[in-house]
1. What percent of all Cα-Cα pairs in the stretch 45-141 falls into each 10 Å bin, going from 0 up to the bin containing the maximum distance?
2. So for the chain: antiparallel DSSP bridges make up what percent, rounded to the nearest 5?
3. Please work out the C-alpha center-to-center distance from the stretch 116-163 to the stretch 302-325 and express it in whole Å.
4. Please arrange 330, 366 by counting, for each residue, the other beta carbons lying within 10 Å of its beta carbon, fewest first.
5. Rounded to the nearest 0.05, what FRET efficiency do residue 48 and residue 75 give with R0 = 25 Å and r taken as the Cβ-Cβ distance? Could you check?
6. Just to be sure I understand: with springs between alpha-carbon atoms less than 10 Å apart, which residue in 21, 347, 207 has the highest mean-square fluctuation in the Gaussian network model of the chain?
7. Using alpha carbons only, how many angstrom separate the centre of the stretch 344-368 from the centre of the stretch 44-66?
8. Taking the Cβ of each residue in 259, 77 as the centre, tally the other Cβ atoms inside 10 Å and list the residues starting with the fewest.
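Bear in mind that the values in this text are calculations on the coordinates, not laboratory data. Since we're looking at a predicted model, the values are computed, not measured. Here the Cβ is made from the backbone with ideal geometry for all residues, glycine too, and neighbour counts use every protein chain on show.
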Ligand SMILES: Cc1ncc(COP(=O)(O)O)c(C=O)c1O
C-alpha cells in the first residue's frame, strides 16, 4: 500500500501552519476534534458566498442549488459508510444527539421497566448518560461489559449480560484507550437474543473504513468534526425500515407532511427526524471532508496510523520505560493511534501545560469517560491522539516535550 505523503497532507491544513510560542504547532488532540482542510473551508465559503438559501423550501434557482448541495452531502456521507440508501442518513448535531435520538424515539417506544440495555466500561458519557436518564424514567436495567487487563472488552460473560437484553450499545473505538472493538461479533451476539446493536462510531469512522452493512449494526452514530468536517453536524445511520418504525424526535418545520389544528402527519425519513432549519453549510463542509478522506483512502489512513501507533509506543517505552504508564493495548491490530498515559507522580494536567510550551497540543482530563477513569483507578490521563496529518516527527516532538516536562517536575 502506498504510504501517505504527510508533508503534502499537512499543507492542506491551514491550522497546521500556525505557530504557538514561536514554535511549530504539533496538534495531537484529534480525538477531541480534527483540523479542517482547505477543501472543507472552501466548500463552506463557496456555499455562503454563492448558494446561501434555506433548503427544501424555495423553488428559485439559488434555493434549489442549496437543497442540491445539502442533499448531495448526505449522499457522500451515505456512500462513505456504505449505507444502502441515502435516506438512512439522518443529519443531527453530533454523535451525542444521534444516541439521544435513539434513546428518545426507538427506546422509549420499545423498552419497558425491567428491560436491559448492555453498555461497556469504555463508553463515552454520550453513550452512558442518555441510557441512565432512560433508566431513571422507565426503570430499565443497565448492564456493563468489563475490560480485560489488556484494555479490551472482556466478552467472556457476554451471553449472560445479553440474556433478556433489548439493546447492546458500544463504542467501535475508545476515545481514551484507542481500543478498536470488533463490531460484527457483537452484532451477531445481540441479534442472537433479539436485541439491537447501537454503535458509537464517533472515533472509528474518522480512522477506519466503515461498512455499516458488513457490521450488521442497527444504529450507528458519528460526528463530522472528528473527521475533518465542521462542528454542528453529525449523523445517525439506521436501516430505512427501522427509521420508519420510529416516532419522530423533535417537532416543528421540515419533519411534517401536514399540520392541522387537530394534529400532524410526519414527513418521510430522514426528514422526519430533522426538525427546523438544518446545518446546511456544515453539511456541505462535511461532504467535502468525506470526499477528501475518500480520495486519500481509508485503508491508507489506517495503515499510516497503525505504523504511527507502533512507532509511538516503541518511542515512549524507549524514552520513559516504567515511569510512563500507557493505558491501552500494544496489539496494533486492536488499537488506533490514541494514547492515554500518566507519569509516575505527575498530574496529567501539569504535563499537558508544560508540553503546551513546546506547542504540543494534548488533552488532560477524564475525556468524558469518568466511569472508565474509575475502572482504571485514576482521576485523569494525558491523551495524545494522532490523525492522517501527523507523522513520526510529531511523535518525536511529543517525546521531547514529555522529557522536558518530566525534568521540570523532577525534584
Ligand atoms: C467515543 C465517542 N463517542 C461520542 C462522542 C461525542 O461526540 P460529540 O461531542 O461530537 O457528540 C465522542 C467525542 O469525544 C467520542 O469520542
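1. 14, 30, 27, 19, 10, 1
2. Close to 60 percent.
3. About 30 Å separates the Cα centre of the stretch 116-163 from the one of the stretch 302-325.
4. Values: 330 14, 366 17.
Ascending Cβ contact count within 10 Å gives the list 330, 366.
5. On the way: r = 21 Å, r/R0 = 0.84.
The computed FRET efficiency comes out at 0.75.
6. 21
7. Taking the Cα centre of the stretch 44-66 as reference, the centre of the stretch 344-368 is 43 Å away.
8. Least crowded to most crowded, the residues run 259, 77.
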